[in-house]
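Presented below is the structure to which this report refers.
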Amino acid sequence: MEEFIEHFAEQFDETERSEFSASTEFKELDEWDSMLALTIIAMVDEEYDKTINGDDIKAAKTIEDLYKIVENK
Amino acid sequence: MAHFKIDDISVRGIVSCVPPNKVDNLEDINIEKEHAEKIITSTGIRYRRITEENVTSSDLCEAAARSLIEDLQIDPSEIEVLIFVTQTPDFILPATATLLQDRLGLSNATMAFDINMGCSGYVYGLSVVASLLANVPGDNGKGLLLVGDTISKVANPKDLSTYPLFGDAGSATLVEKKKGESISFDLFTDGKGASAIEITHGGFRNPYDTSVSDEITRDGVNFHRKTDLYLNGMDVFSFGITRIPKAIKAFCEKEELQDSDIDFYIFHQANKFMNEKIRKKIGATEEKVPYTLHDFANVSSATIPLTITQSMAERHTGSNILCCGFGVGLSWGIAYFKLDRDVLLKTIAL
């Protein structure tokens, strides 16, 4: 989980690292946009060799939610 | 898996045709400047070539075909097959290919029909023309593959997930029998993902009615009419970066191809962020993967021929190219063939 949060946070340029935790509602972050969604999909593909899609991003509210979705793929 | 090879066939010339009207995403009043800069950075798309209202895909393809026939000094009566690949035809019916047969002065003995395919359409069309010609008796046999789209006409200015990304273009490719040459194909389909790229109304499942002009939104940000293009960027992206590298690697294994056997990888021009992921995953160098996104945007079915004519026209050595189209359907396909030294490659403006 910690590693996932680390990878997740690395995709952001402007948001402070301290803002990321398991309970962070990532779509509420100012920096979040459709492009970041793509970089998260790419990160999951590269780091975990798993494919997530638009519905998975939509279904997840927090970083932990997304982590669980990735875990269950 | 539809993996096959057609022997004694080659591409003799390709002409692409773009509209002269060039729109700059940075200057477009429908896109906020800050947003436009972001789009250009992430997608690599700055300019779009946009047709006038009365110019269709078939007009762009007709101009490309006339130029091709003239430059190669082909007798139009020698052309036995005409395939028109498009998702923006002139009419619901008849097939636009029949109109093009007449406009180009081809003989009544020409077999002519349309194929409704987009991003993978060039590879699919090439496989159909090559397969048909392979069955023409004798050493001669010529086919005309016309591929083009005007997606700008169905991209809504209030939908920034499509509007800044698409341009218009047409192309004409002359395919002919030639001893010793060949084209290999690998073609795929996954209809489960069909809703990732779609125009839902105006066909017969959801006929055209007065409600289609209402603008709807699926994400609360972008708006489009039901007869406009809808694109789910996230789904297309995850499809592209996973399936395409796998398909290319598997094809190369089946064909026993090394990276050194391939001079250029010509990808469908979707967006730079996605295409670069694909390039890195297959381990191809930047020099081998040309782009036309910056100046021409995503021109749907015509991306592959346009990228060939734009990036390879100045080269005077024969090149082995691997073309890969992927997208709407979902549909994807690979074609591998040699472009001879004397092949005609040209881009014109209508």
key: Conditions (1) out of contact with any helix residue (DSSP H, G or I) (no Cβ under 8 Å at 6 or more places or on another chain); (2) of a type in the set (S, T, N, Q); (3) crowded, with 17+ Cβ neighbours inside 10 Å; number of the one not met by A:SER18   = (3)
ask   = From the residues in segment B:254-281 that are more than 14 Å from chain A (Cβ to nearest Cβ) and farther than 13 Å from B:TYR336 by Cα, which one is farthest from the chain's Cα centre (by Cα)?
value = B:SER260
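Taking the stated definitions as given, is B:GLY193 within 14 Å of another protein chain (Cβ to nearest Cβ), over 15 Å from B:GLY118 (Cβ atoms) and touching a Gly at 6+ places or on another chain (Cβ under 8 Å)? Lay out the reasoning, then the answer.
On the way: within 14 Å of another protein chain (Cβ to nearest Cβ): yes; over 15 Å from B:GLY118 (Cβ atoms): no; touching a Gly at 6+ places or on another chain (Cβ under 8 Å): yes.
It is false that B:GLY193 is within 14 Å of another protein chain (Cβ to nearest Cβ), over 15 Å from B:GLY118 (Cβ atoms) and touching a Gly at 6+ places or on another chain (Cβ under 8 Å).
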ask   = Could you count how many residues in segment B:280-293 are in a helix (DSSP H, G or I) and in contact with a Phe, Trp or Tyr (Cβ under 7 Å, 6 or more places away or on another chain)?
value = 1
ask   = Tally time: how many residues in segment B:207-238 are within 12 Å of another protein chain (Cβ to nearest Cβ), in a helix (DSSP H, G or I) and either acidic (Asp, Glu) or touching a Ser or Thr at 6+ places or on another chain (Cβ under 8 Å) (or both)?
value = 4
request  = Please enumerate the residues belonging to segment B:22-55 that are surrounded by fewer than 16 Cβ atoms within 10 Å (Cβ to Cβ) and under 21 Å from B:VAL147 (Cα atoms).
outcome  = B:LYS22, B:GLU52, B:GLU53, B:ASN54
request  = Please indicate, with yes or no, whether at least one residue in segment B:104-111 is of a type outside the set (Ser, Thr, Tyr), touching a residue at least 12 places away in the same chain (Cβ under 8 Å), in a helix (DSSP H, G or I) and buried (at least 20 other Cβ atoms within 10 Å of the Cβ).
outcome  = no
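Residue-by-condition table, conditions (1) under 28 Å from B:LYS177 (Cβ atoms); (2) β-branched (Val, Ile, Thr):
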position: B:ILE308; (1), (2): yes, yes
position: B:MET312; (1), (2): yes, no
position: B:GLY318; (1), (2): yes, no
position: B:PHE326; (1), (2): no, no
position: B:LEU345; (1), (2): yes, no
position: B:LEU350; (1), (2): no, no
note = Here, helices (runs of 4 or more DSSP H) confined to chain A with at least 2 residues that are within 13 Å of another protein chain (Cβ to nearest Cβ) and not polar (S, T, N, Q) are A:34-48, A:54-59, A:63-71
query = All but one of (1) within 14 Å of another protein chain (Cβ to nearest Cβ); (2) closer than 28 Å to B:THR347 by Cα hold for B:THR173; which doesn't?
reply = (1)
note = Among the residues of segment A:22-57, the number that are under 11 Å from the mean Cα position of the chain (by Cα) and of a type outside the set (D, E, K, R) is 15
inquiry  = Against the condition out of contact with any Lys or Arg (no Cβ under 6 Å at 6 or more places or on another chain) and assigned to a loop (DSSP other than H, G, I, E, B), how does B:PHE204 come out, does it pass?
reply    = yes
ask   = Among the residues of segment B:282-301 satisfying the criterion of being surrounded by 24 or more Cβ atoms within 10 Å (Cβ to Cβ) and polar (S, T, N, Q), which is farthest from the other protein chains (Cβ to nearest Cβ)?
value = B:SER301
message = Can you tell me which condition B:ASP214 does not meet? The list is (1) at pLDDT below 95; (2) within 30 Å of B:ILE348 (Cα to Cα), and all the others hold.
response = (2)
request  = Could you please give the count of residues in segment B:81-117 that are over 18 Å from B:LEU68 (Cα atoms) and among the β-branched types (Val, Ile, Thr)?
outcome  = 6
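Results for (1) on the phi > 0 side of the Ramachandran plot; (2) of a type outside the set (S, T, N, Q), shown as yes or no for each residue.
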{"position": "B:SER107", "(1), (2)": "no, no"}
{"position": "B:SER120", "(1), (2)": "no, no"}
{"position": "B:GLY138", "(1), (2)": "yes, yes"}
{"position": "B:LEU145", "(1), (2)": "no, yes"}
{"position": "B:SER171", "(1), (2)": "no, no"}
{"position": "B:LYS179", "(1), (2)": "no, yes"}
{"position": "B:SER184", "(1), (2)": "no, no"}
{"position": "B:GLY220", "(1), (2)": "yes, yes"}
{"position": "B:PHE223", "(1), (2)": "no, yes"}
task = Check B:ILE241 against each of (1) over 18 Å from B:GLY329 (Cα atoms); (2) without any contact (Cβ under 8 Å) to a residue 60 or more places away in the chain and name the one condition it does not meet.
result = (1)
remark   = Residue pairs qualifying under the 6 Å Cβ cut-off, at least six apart or on distinct chains, with the first in segment B:226-238 being over 9 Å from B:VAL154 (Cα atoms) and touching a residue at least 40 places away in the same chain (Cβ under 8 Å) and the second being of a type outside the set (A, V, I, L, M) and in a loop (DSSP other than H, G, I, E, B), are B:LEU231/B:SER161; B:LEU231/B:THR162; B:GLY233/B:SER161; B:ASP235/A:ASN53
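The values are calculated or read from the model by the stated rules, or taken from the named source; none is laboratory data. Note that the structure is predicted; figures quoted are calculated from it, not measured. Don't worry about glycine lacking a Cβ; one is built from the backbone with ideal geometry, like all the others, and counts go over all protein chains shown.
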